[in-house]
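The values are calculated or read from the model by the stated rules, or taken from the named source; none is laboratory data. Keep in mind that what you see is a predicted model, and the values were worked out from it rather than measured. Cβ: placed from backbone, ideal geometry, glycine included. Neighbour counts: every protein chain shown. Surface accessibility is based on the protein's heavy atoms, side chains included, excluding ligands, DNA and RNA. Shrake-Rupley method; radii C 1.70, N 1.55, O 1.52, S 1.80 Å.
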Amino acid sequence: QVQLVESGGGFVQAGGSLRLSCAASGNSFSIALMSWYRQAPGKQRELVAAITKAGGTNYANSVKGRFTISRDNAKNTVYLQMSSLKPEDTATYYCKGQWVLLSYWGQGTQVTVSS
């Protein structure tokens, strides 16, 4: 099965930036749909951004213009560049990979934005 390992979370002031990384094991990363989700305590998990195998992207309205998802198929890695961070971006961020009929999740990385 696939393993997803995330990194890059941390503490940042409002207006700052962070870049999250998610490295995948396996031999078929290039054909997967990759996504970032986030979940704050007591709140519903929400889709933040997604990127197709061909590089097409979509974003939640709350992060459009501030976050950028990208992938490097040669490195089996997906990224989430987060800029102009706001306190409401504080959450645990999860990487998800979707293959045909199978999904895998990373362990999550904490992002805390202070005001």
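For region 12-77, the solvent-accessible area of protein heavy atoms averages 56 Å² per residue (probe radius 1.4 Å; ligands and nucleic acids excluded).
Only the Cβ atoms of Lys and Arg (+1) and of Asp and Glu (-1) were treated as charged; on that basis the dipole of the chain about its Cα centre amounts to roughly 140 debye. A cut-off under 12 angstrom between Cβ atoms defines the neighbours of A49, and their net charge, with Lys, Arg +1 and Asp, Glu -1, is +4.
Here, P(r) means the percent of Cα pairs in each 5 Å bin from 0 to the largest distance; for the chain it is 2, 13, 24, 26, 19, 10, 5, 1, 0. When only alpha carbons are used to place a centre, region 59-95 and region 19-47 end up 9 Å from one another.
Here the Karplus curve 6.51 cos²θ - 1.76 cosθ + 1.60, taken at θ = phi - 60°, turns the phi angles of region 8-21 into couplings of x, x, x, 9, 8, 7, 3, x, x, 9, 9, 10, 8, 10 Hz, with x standing for Gly and Pro.
Taking θ as phi - 60° and the Karplus parameters 6.51, -1.76 and 1.60, the scalar couplings of region 104-115 work out to 9, 10, x, 7, x, 9, 7, 10, 10, 10, 8, 8 Hz in sequence order, x denoting glycine and proline.
Applying 0.36 nm per residue to the separation of S84 and Q110 and subtracting their alpha-carbon distance, the gain on full extension is 7.7 nm.
For the chain, lysine pairs with C-alpha atoms less than 24 angstrom apart, excluding pairs fewer than eight positions apart on the same chain, total 10.
Each residue of region 33-46 was assigned a 3J(HN,Hα) from its phi angle through the Karplus expression (A = 6.51, B = -1.76, C = 1.60, θ = phi - 60°), giving 7, 10, 9, 10, 10, 9, 8, 9, x, x, 10, 6, 5, 10 Hz with x at Gly and Pro.
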